[in-house]
1. Can you name every residue in segment 233-258 that is away from ligand 2 (no atom under 16 Å from the Cβ) and either hydrophobic (A, V, I, L, M, F, W, C) or assigned to a helix (DSSP H, G or I) (or both)?
2. Given the options PRO230, PRO204, name the one that is surrounded by fewer than 21 Cβ atoms within 10 Å (Cβ to Cβ), within 16 Å of ligand 1 (Cβ to nearest atom) and of a type outside the set (Asp, Glu).
3. Could you list, in sequence order, all residues of segment 37-78 that are closer than 16 Å to ILE117 by Cα and within 18 Å of the chain's Cα centre (by Cα)?
4. What number of residues in segment 303-337 are surrounded by 13 or more Cβ atoms within 10 Å (Cβ to Cβ) and either outside any helix (DSSP H, G or I) or among the aromatic types (Phe, Trp, Tyr) (or both)?
5. Every residue in segment 242-263 that is in contact with a helix residue (DSSP H, G or I) (Cβ under 7 Å, 6 or more places away or on another chain), more than 10 Å from ligand 1 (Cβ to nearest atom) and not acidic (Asp, Glu), please.
6. Can you name every residue in segment 170-182 that is touching a helix residue (DSSP H, G or I) at 6+ places or on another chain (Cβ under 6 Å), of a type outside the set (D, E, K, R) and not in a loop (DSSP other than H, G, I, E, B)?
7. Give me a count of the residues in segment 72-110 that are buried (at least 19 other Cβ atoms within 10 Å of the Cβ), among the hydroxyl-bearing types (Ser, Thr, Tyr) and more than 14 Å from ALA125 (Cα to Cα).
8. Can you find, within segment 259-268, the residue that is nearest to ligand 2 (Cβ to nearest atom) among those that are surrounded by fewer than 17 Cβ atoms within 10 Å (Cβ to Cβ) and within 30 Å of ILE64 (Cα to Cα)?
Amino acid sequence: MDQQLRDLVCGMPKAELHIHIEGSLEPELIFDLARRNGVALSWPDVEALRQAYSFTDLQSFLDIYYAGASVLLTQQDFYDMTWAYLERAHADNVHHVEIFFDPQTHTGRGVPFAAVIDGIHGALADAGTRWGISGGLIMCFLRHLSEEDAMATLQQALPHLEKIIGVGLDSSEHGHPPEKFTAAFARCRELGLHLVAHAGEEGPPAYIWSALDVLQVERIDHGVRCLEDPALAERLASSGMALTVCPLSNVKLRVFNEIGDHNLAQLLDAGIAATVNSDDPAYFGGYINDNFIAVFKALGMDREHAKTLARNSFNASFMPEHQKQAKLAEVEAWFSR
Ligand code: HPA
Ligand code: ZN
């Protein structure tokens, strides 16, 4: 990848639509917060924790990710974690970010829902003031827990609805199909929330079909297994359904053996509105621009791909239409320099 293309991709205006804020917790911050809060960790130091980041599949990652999140107790902790992510995102020229958070990971440990959401929301609001970054919060339900538990979480979120733009579905995919959450998503739709779901990361194309047809989601998170089903790929392309793809995550969690095997270029060639995102940057070896660089290098992608991906990121976002048009114009201007 030549320096000119690298600068073009790193500097272009972009939106990040698939980032789990708990996955932005760097080992150093995990240890700082553990000390601040008197939480015991099962790793002696930062190096040992980093050494543990060798995953064989989604579940092996989730086990460590939930352990890392156990240091988060106060509103200030959630603020500090989110601010650290936003500084990185700003440095990568992210203009808009839709942040996933997992309230059940925290309320299950006795942390108040308000501490979680107010800390994250406060940092996002301050990033708007400081850098003009726009964005919103997407509350994810943990799919390994029951639908009843998701409904109880939604109940806790009701007083905070103005701080949430949508809901999602994450955690262990195998054995937990989207349709397990039919009623919860129907209720969220009635409340006017945007709907997204992880599907087709480890799970089969059938999970993507049911996320679309049963949950009626507006974006698919990951979705890379869609190419196994030509009718599904055609459906995604013709309907303009966006996929939030996370290349480094897919390699770390062995969805693809190596970055050169990733299907991002094939997705774009098939006319599917794919986007590039970091998923859990502290765990998977990089933030959004690291993901762009890795995949552009490995797949020999070019300037046209870059422009398509920048446009897709804003088109697939939940920003208001006038703001979307303004951002698309900024992309156009960046590529006509
Ligand atoms: N998949 C499912 N759940 C998650 C992920 C992911 O990639 N990251 C954080 N929670
Ligand atoms: Zn994810």
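1. Across segment 233-258, the qualifying residues are ALA233, GLU234, ARG235, LEU236, ALA237, SER238, SER239, MET241.
2. PRO204
3. Those that are closer than 16 Å to ILE117 by Cα and within 18 Å of the chain's Cα centre (by Cα): ALA69, PHE78.
4. Residues meeting the conditions: 7.
5. Result: ALA242, LEU243, VAL245, PRO247, LEU248, VAL251, PHE256, ILE259, GLY260, HIS262, ASN263.
6. Across segment 170-182, the qualifying residues are PRO178, PHE181.
7. 1
8. Per the criteria, the residue is ASP261.
Throughout, read-outs are computed from the coordinates displayed, never taken from laboratory work. Remember, it's a predicted structure, so these values are computed and weren't measured experimentally. Counting neighbours? That spans all protein chains shown, and the Cβs are built from the backbone with ideal geometry, glycine included.
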